[in-house]
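First comes the structure, then the notes that go with it.
The values are calculated or read from the model by the stated rules, or taken from the named source; none is laboratory data. What you are looking at is a predicted structure, and each value in this text was computed from that prediction instead of being measured. FYI the Cβ positions are ideal-geometry reconstructions off the backbone, even for glycines, and counts take in every protein chain you see. Accessible surface areas use protein heavy atoms only, side chains included; no ligands, DNA or RNA. Shrake-Rupley method; radii C 1.70, N 1.55, O 1.52, S 1.80 Å.
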Amino acid sequence: MNYEEFKQQIVDDLKDRLGDDYSFRVNEVKKLNQSYEAVAVTPEGSNIGVNMPLDKLYDAIQNDVPYEVVVDRTVDAIENGFDQAPKFDVNMLSDYEQMKNKLAMEVVSAESNAEMLETVPHKNIEDMAVVYRFVLESSETGGASVLVTNQLLENMGVTPDQLHADAMENAPQLRPAVITGMSDLMVEMMGFEQAEMMGIIIPPEDEKMFVATVPDKTHGASVLAYQDFMEQAAERVGGDFFILPSSIHECLIVRDDGEMKYEDLKAMVKDVNATQVDPADKLTDSVYHYDSKEKIFELAEKFVERQESRDKAAEKEEAEEKGSLLDDLKAKKDEVSKSPKKDAPDKVSKSKSGAEL
């Protein structure tokens with residue numbers, strides 16, 4: 001069957017399996033970094049439902065999974081979704097004072113989410129955008145959150161500036177930044193003995209690469225928006241650093257000690273994003289840089305341009321100083337050459353007796 005036939009068939013079969021206690025509706029789900037068509041299943045009398053992505057269900061059919069099996073799995077997923085849904089009073093979403101202590105941030109690509117960003121409050125950071133979420137539940141096995149939209153904010157009677165200020169204060173406490181050395185991460189994954197055998201263990205002062213995220217490793221790139229994160233990372237790294245956005249969930253910090261070139265890092269980010277990162281989790285293909293002396297976070301190419309401009313300005317100043325010194329020396333030489341010469345004293349010959357000859 002084609003996609004349209006499949007869509008109608010599975011909705012009908014889900015109605016038969018789940019009964020009249022649920023309503024069913026096919027709609028487009030627009031989320032940050034992705035959008036898809038889904039069948040929304042909602043219990044009667046409730047405003048909380050479960051969305052099942054139809055494209056993924058159809059892909060299973062295309063990959064030779066029997067249709068009956070897809071229906072069985074979908075029913076199980078829907079029932080589990082309702083069983084595991086967080087117990088949350090939706091009416092709280094109209095009360096900002098109760099919700100603001102659940103306020104967190106998320107960093108996404110501004111370009112990839114341009115249409116979505118028109119409907120949500122946000123702040124731009126270079127080619128990224130900071131958006132806001134109310135975290136309803138968070139655990140090692142998963143979580144639930146609500147994206148703050150312009151409409152939701154208006155219903156709460158809160159300004160975007162107030163939302164941002166509260167998020168900047170609350171998010172680092174709710175989901176603090178975690179910076180881990182790459183070698184420590186490998187030890188954690190492999191065990192100390194195997195890591196030592198492979199020569200992966202590195203003294204802290206020699207560590208050049210770090211991973212930054214949040215405790216539950218979900219939307220961990222949000223730490224880039226935290227007020228004190230850059231200074232915290234600079235202290236850990238020991239100075240300037242590059243930032244590689246490995247996904248919306250984490251980013252890599254690479255010490256800028258002159259060994260790594262911006263062009264090589266950008267090529268690496270583009271390759272990893274194209275081959276290893278789920279499109280829904282992609283942040284950007286850009287590389288960023290933090291200048292710990294100037295306290296400037298910017299796209300790495302801007303840093304390179306700024307550095308080149310600074311070097312050219314220094315060379316020009318040095319050349320001007322050298323030229324000025326040469327001009328001073330030449331002026332003094334000209335001054336000496338133009339000054340009147342004093343008459344040489346008359347040479348007088350005297351006799352032994354002292355009389356002039």
Those residues of region 35-60 which are in a helix (DSSP H, G or I), more than 15 Å from D13 (Cα to Cα) and not basic (K, R), in sequence order: D55, D59, A60
Can you pull out every residue in region 49-90 that is hydrophobic (A, V, I, L, M, F, W, C), touching a strand residue (DSSP E or B) at 6+ places or on another chain (Cβ under 7 Å) and modelled with pLDDT under 85? V50, F82, F88
Candidate set: region 169-215, residues that are part of a strand (DSSP E or B) and open to solvent by 40 Å² or more (accessible area, probe 1.4 Å); chosen: the one modelled with the lowest pLDDT: M209
Among (1) within 26 Å of S109 (Cβ to Cβ); (2) of a type in the set (D, E, K, R); (3) touching a strand residue (DSSP E or B) at 6+ places or on another chain (Cβ under 8 Å), where does D21 come up short? (1)
Reported set for region 286-301 where residues are in contact with a strand residue (DSSP E or B) (Cβ under 8 Å, 6 or more places away or on another chain) and open to solvent by 50 Å² or more (accessible area, probe 1.4 Å) is I296
Looking at region 58-73, I want the residues that are open to solvent by less than 70 Å² (accessible area, probe 1.4 Å) and have a partner that is among the acidic types (D, E) with Cβ atoms under 7 Å, at least 6 apart or on another chain. Which pairs are those? V71/D13
Take the residues in region 41-53 that are among the hydrophobic types (A, V, I, L, M, F, W, C) and surrounded by 15 or more Cβ atoms within 10 Å (Cβ to Cβ); name whichever of them is nearest to V71 (Cα to Cα). M52
For region 231-241, check the following and say yes or no: at least one residue is of a type in the set (S, T, N, Q) and under 15 Å from I179 (Cα atoms). yes
Just to be sure I understand the filter: pairs with C-beta atoms under 7 Å, separated by 6 or more residues or on different chains, first member in region 1-30 and more than 20 Å from V65 (Cβ to Cβ), second member of a type in the set (S, T, Y) and open to solvent by less than 80 Å² (accessible area, probe 1.4 Å). Which pairs pass? Y22/T42; S23/T42; E28/S35; V29/S35; V29/Y36
Can you pull out the residues in region 239-257 that are open to solvent by 50 Å² or more (accessible area, probe 1.4 Å) and either closer than 17 Å to E301 by Cβ or not in a strand (DSSP E or B) (or both)? D257
If you check K266 against the conditions, is it under 16 Å from the mean Cα position of the chain (by Cα), free of Cβ contacts under 8 Å to residues at least 40 places away in the same chain and surrounded by fewer than 15 Cβ atoms within 10 Å (Cβ to Cβ)? no
